[in-house]
Each structure stands twice: as C-alpha cells, then as structure tokens.
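Shown next, in structure tokens, is the structure this report addresses.
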Amino acid sequence: MDGRASVIDAIDWSGIFDARPPCRKQESQMSLFWVVLVGGLAAFAGSGLALGAALGLTGLLILQFLAGGATFVAVDAVWNVLNSFTLSAIPLFILLGEIMLRSGVSQKIYTALSPVFQRVPGGLLHTNIAVCTLFGAVSGSSLSTAAAVGSVAYPEMTKLGYDRKMVVGSLAGGGTLGLLIPPSLSLLIYGALTETSIGRLFLAGLLPGLLFAAMFMGYIYFRCRYRPGLVRDDSSKVGRGAILLNILSLWPFVLLILTIIGSIAFGIATPTEAAGIGVIATIFVGKFWGVLTLKQLVESLYAAILLYASIAFVVIGATILAQAVSLLGVPQAILETVRAANLEPVTVLAAVVIIYLVLGCFFDGLSLMIMTLPIVVPLMVGLGYDAIWLGVIITVMIEIGQVTPPVGLNLSVLVSVTKEKVSLGEAAMAAMPYWLILLSGVAILTVMPQIALLLPSKLM
C-alpha cells in the first residue's frame with residue numbers, strides 16, 4: 001500500500017455521505033451554492049448561534065432553495081446517525097475518560113514513571129510525554145489527557161525548579177496524543193460518519209502516535225542537553241530495582257489498556273462493546289487502584305453527558321449540511337475541477353493541510369473535523385488516497401489545531417492549570433516546537449504511509 005486506494009469504493013458512501021451522481025448545475029448555480037454556504041455559516045455563527053445550529057440551518061437553506069426543497073432528507077440522515085450503533089461508543093469513551101480524570105489514576109501513573117527518565121536530559125519532561133501516551137490509550141480525548149496529566153505534573157515540576165514554559169509546552173504537545181493513540185474520539189467519529197472500520201482506524205493511529213511521542217522526547221532530549229538550566233538535576237536517584245517495581249505496579253492500568261484495545265484489534269468485541277467493558281473496568285480500577293468515589297462517578301457521568309451533548313449537536317448540524325453537499329454533487333464537482341486542472345494529488349493534499357491549519361485557529365478540533373468531512377473525504381478518496389490513512393492525517397491536523405491559538409483548547413486548559421502564571425501567548429510559543437513536529441509528521445506519513453497502514457493490513 002502507498003497511502004492511496006486503488007479504487008474509490010474504499011469507503012461505503014451509502015450512509016451520510018451518499019455518493020450519488022453529481023447534479024449537473026451551471027457554474028452560476030455552483031457559485032450560488034458557495035455564496036449560500038459561506039454566507040450562511042458566517043451569518044449564523046456570527047449571530048452567536050452554536051456551531052451545530054449554524055451548520056444545520058445552512059444545510060437546510062441549501063436543501064430548501066438549491067436542492068428543490070429536499071429538506072426531508074435531513075430528517076432521515078439525522079435519524080440514521082443518532083440511531084448508529086457505532087456512534088453509541090462515543091459517550092462511553094467520554095465517560096471512561098472522565099472517570100480516569102477524577103479517579104487519581106493519573107497521579108499513580110506519574111509517580112510510578114517519574115524515576116524512569118531521571119538520568120536522561122529532560123528528566124520529568126519525558127515523563128510528561130510518557131504519561132500522556134499511556135493516558136491517551138484509555139481516555140481518547142486530548143483535553144482530558146492534558147488536564148489530567150497537567151494537574152499532576154505542573155505543580156510538582158515547578159516546585160522542583162523546572163522552567164514553567166517548558167513544562168507547559170511538553171504538556172500541550174503530549175496532550176495531543178490523546179486524539180491519536182487509540183481509542184480516539186476523533187478516529188471513532190471519523191469512522192462512524194464515513195462508515196470506515198473503527199478497528200482498522202484505531203490500529204492505524206497506534207504507530208503514528210508512538211512515533212510522535214518519540215519525536216517529542218527526542219526534541220526534549222536535545223533541547224535540555226544543550227540547555228541544562230531548563231530542568232532540575234535531581235541528585236536523589238532511584239535504583240533500578242525500585243524503578244522496575246514501580247513499572248510493575250502499573251499492571252492494573254496496562255490490563256485496562258489491553259482489555260480495550262486488544263478486544264477491538266483481535267475482533268473479540270466491537271468498539272461499542274469494548275467501550276462498555278472499558279467503562280466497567282475503569283470503575284473497578286478507579287475504585288480499587290485509584291481514589292474513585294460515588295460522588296466523583298456521578299460528576300464524571302454529568303460531565304460526559306454535557307460533552308457528548310455538545311458533540312452530538314455538532315454532528316446533527318454537520319449531518320444536515322453533509323446531505324445538502326452530497327445531494328448537489330459538490331464533492332464530485334470539486335473532484336472533476338481538480339482533475340481538469342491536472343493538479344497532482346499531493347498538491348491537493350497540501351492545500352487541504354493549509355485549510356486545516358487556517359481553520360484550526362477558529363474552530364475546536366472535533367467540530368472542524370465533523371464539518372469538513374462531507375467535502376474533504378470524498379475529494380481525497382476520489383484522488384486515490386486510502387480512507388484509513390486519511391483518517392490519521394485529519395486527526396493529526398486537528399491535533400495541531402488543539403495547540404494553535406486563539407482557540408487551541410489544550411493551551412487554554414493548561415493556562416488554567418497554571419492559574420494563569422503562564423499566559424496563552426507564552427503557552428502557544430512553548431508549544432510551537434511540538435506544533436512543528438506534528439506538521440512534519442504529516443509529511444512523514446505522506447512519504448511513508450506504511451507507518452499508519454502496517455498494523456491494519458497485518459492484523460485486520
């Protein structure tokens with residue numbers, strides 16, 4: 001495999017993105033479509049409406065006035081989405097992450113791994129990346145990962161004399177791994193809305209996630225080696241035996257990861273079933289290994305409901321807009337235009353990357369992904385790119401958005417963790433090296449798509 005599909009039917013577009021033959025509209029009509037799309041989104045979003053409402057109302061306008069009053073298709077599309085068995089895994093994974101956030105498990109993981117990198121330039125900065133990687137393997141959320149690890153790491157490291165901005169930068173970068181390391185909310189939503197195998201997407205995200213973690217650690221190593229004043233040299237070294245015992249003490253958490261990921265990878269359970277099992281297992285781990293209480297469990301449930309409601313609202317709006325876009329044959333029209341212009345697929349990919357970089361300044365990651373899928377996925381698959389590989393690329397792009405101001409949610413969370421002792425601008429500058437690493441990762445995955453496609457092709 002070279003990252004590009006041999007046939008367009010790598011995706012079944014019978015669901016939301018129904019690939020119907022494009023309606024042959026005159027150029028004026030297509031121009032009118034873009035006017036209504038951009039103008040509608042700008043008007044509705046600018047009026048203060050939630051993004052989901054802006055997307056949905058814009059889609060209804062297009063269906064009503066440009067698609068012959070076909071607003072009825074929106075009702076069917078929304079019902080099909082909300083009735084999706086696969087999408088029901090989303091609230092379960094959100095609940096799982098919220099329980100982990102409140103159970104004190106992140107504290108135990110951090111304490112156990114802290115001595116591992118004591119002799120490596122960078123010290124606890126490497127621990128931040130390692131803990132974010134492990135926590136991302138159960139939370140599925142970038143925000144949960146950044147908040148959970150940041151609330152433990154930042155106070156401890158600042159007491160030890162670590163540079164505040166360096167700490168925040170490592171947490172911002174490490175937090176992005178929560179969206180790529182499976183189980184990933186981003187990959188789950190992508191798979192559900194494009195009817196792509198969730199299991200294959202999860203496997204596709206594993207090696208790139210580990211690659212980014214290694215690249216983050218590499219940057220920290222070289223930065224701290226040549227600027228040792230950024231970190232504190234802890235003279236109290238822990239012996240190798242104690243380090244080994246600390247690592248072995250993580251077996252409940254490792255077992256939890258294997259339960260969730262292993263059951264999906266080996267076909268034992270669907271993602272939804274694995275999420276349900278994961279929630280039950282997380283409650284037991286949080287209760288008997290962490291400090292989970294009934295009050296914290298209720299708080300986790302409440303927070304999960306609120307977060308899922310906000311995501312579902314955006315999904316509903318994007319579904320309506322997707323139906324309008326699909327019914328008018330917009331992706332096919334764009335694809336024909338690209339082919340007529342003789343643009344290379346890699347040129348189109350570069351343009352898509354730039355668009356995501358720009359939009360990432362104004363929209364949160366999941367919302368951006370949901371609203372762009374109707375156009376981006378059919379276009380890129382039509383150019384021959386593999387749908388699994390594309391899911392990883394889009395996830396990396398929205399990860400970049402998580403550390404891009406002014407909306408960069410990871411940055412906002414970490415600024416609050418520091419009690420605003422580090423400003424948003426300072427956090428953004430500290431996260432810039434990780435931003436560049438993520439962007440370079442897109443280039444690496446484009447040149448070597450096998451990094452993402454190896455495990456799905458071998459195991460599923």
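Just so you know, all these numbers are worked out from the coordinates, no wet-lab data involved. All values reported here derive from a predicted model rather than from experimental measurement. For neighbour counting, all protein chains shown are included, and Cβ atoms are generated from backbone atoms with ideal geometry for every residue, glycine included.
Overview of values
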| quantity | calculated |
| --- | --- |
| Ordering of 205-213, 69-77 by burial proxy (mean other Cβ atoms within 10 Å per residue, highest first) | 205-213, 69-77 |
| Globularity index of region 186-337, i.e. its alpha-carbon radius of gyration over 2.2 N^0.38 Å | 1.48 |
| Cα Rg, Dmax (largest Cα-Cα span) when computed across region 119-215, Å | 14.4, 49 |
| Nearest 10 degrees, 0 to 90: helix 330-340 Cα axis against the chain principal axis | 90 |
| Chain lengthening between THR347 and ILE444 when straightened (0.36 nm per residue, less Cα-Cα) | 33.4 nm |
| Share of pairwise Cα separations in region 310-460, more than 26 Å, in percent | 35 |
| Sites matching trypsin sites (Lys or Arg not before Pro) across region 113-217 that sit in DSSP coil, with at most 13 neighbouring C-beta atoms within 10 Å | ARG119 |
| Cα-based helix-to-principal-axis angle, 424-447 vs the chain, degrees rounded to 10 | 70 |
| Pair LEU454, LEU294: separation of 7 Å Cα→Cβ label points (nm) | 4.9 |
| Region 363-460: trypsin sites (Lys or Arg not before Pro) falling in loop per DSSP and having at most 13 other Cβ within 10 Å | LYS419, LYS421 |
| Tilt relative to the chain, helix 365-382 - C-alpha long axis, 0 to 90 degrees, to 10 | 50 |
| Charged-residue dipole, Cβ positions (Lys, Arg, Asp, Glu), region 8-459 about Cα centre, Debye nearest 20 | 1320 |
